[in-house]
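In what follows, a structure is listed as structure tokens, so that the remarks can point back to it.
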Amino acid sequence: MSNADALRQVIEKGFGQGDLDVADTFAAGKIKEHEYGAPDLTDGPELMRAMIHEARSALPDLVMSVEDIVADGDKVWARSVGRGTDPQTGRPVVLTVFDLCRFQNGRIVEHWGVPDRFALLHQAGLLGAPPA
């Protein structure tokens, strides 16, 4: 399996369907995590499971799809779109996420994630519209 296929599985099956087994398959024993707000008390597969759980707790009906994916050497970039319902407001939301992962031996060893949290808050009605 290519690194791009592995990242697609993590995004679509893990985050998009709640399949925690992807953590054991694709997370290295240690992951250098760069995403703002990521749990800092866990690592490796436990960290990936915690991040999947956190995302699915925020949007229980979350469905993720990879829209673009590019691999270059040991790095893979992906742009994904998540769709779900904000449980506090009942409003449908769409979330764009950019991920960059570095792989070693088919497993993620480093991750940068940039979810568009401002758009999510705005769609949920929890953040005012940006100035014109």
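If the condition is being assigned to a strand (DSSP E or B), free of Cβ contacts under 8 Å to residues at least 40 places away in the same chain and farther than 22 Å from Arg117 by Cα, then the range 65-74 contributes only Asp72. Residue-level analysis places Arg102 among those that are more than 14 Å from the chain's Cα centre (by Cα), of a type outside the set (Ser, Thr, Tyr), under 30 Å from Ser2 (Cβ atoms) and surrounded by 12 or more Cβ atoms within 10 Å (Cβ to Cβ).
Among the criteria (1) part of a strand (DSSP E or B); (2) at pLDDT 95 or above; (3) out of contact with any Gly (no Cβ under 8 Å at 6 or more places or on another chain); (4) not hydroxyl-bearing (Ser, Thr, Tyr), the one Lys32 does not fulfil is (2).
Val94 passes every criterion in (1) under 27 Å from Asn3 (Cβ atoms); (2) part of a strand (DSSP E or B); (3) touching an Asp or Glu at 6+ places or on another chain (Cβ under 7 Å); (4) without any contact (Cβ under 8 Å) to a residue 40 or more places away in the chain apart from (3). Condition first: surrounded by fewer than 13 Cβ atoms within 10 Å (Cβ to Cβ), closer than 23 Å to Gln104 by Cβ and touching a residue at least 12 places away in the same chain (Cβ under 8 Å). Can you find one or more residues in the range 45-64 that meet it? No - not one qualifying residue is present in the range 45-64.
A quick yes/no check of all residues on (1) of a type in the set (A, V, I, L, M, F, W, C); (2) modelled with pLDDT of 90 or more:
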{"residue": "Gly84", "(1), (2)": "no, yes"}
{"residue": "Thr96", "(1), (2)": "no, yes"}
{"residue": "Asp99", "(1), (2)": "no, yes"}
{"residue": "Gln104", "(1), (2)": "no, yes"}
{"residue": "Val109", "(1), (2)": "yes, yes"}
{"residue": "Arg117", "(1), (2)": "no, no"}
{"residue": "Ala124", "(1), (2)": "yes, no"}
{"residue": "Gly128", "(1), (2)": "no, no"}
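Among the candidates Thr96, Thr89, the residue that is over 16 Å from Val10 (Cα atoms) and of a type in the set (Val, Ile, Thr) is uniquely Thr89.
The values are calculated or read from the model by the stated rules, or taken from the named source; none is laboratory data. These numbers come from a predicted model, not from an experiment. Methodologically, a virtual Cβ is constructed for each residue, glycine included, from the backbone with ideal geometry; neighbour enumeration extends over all protein chains shown.
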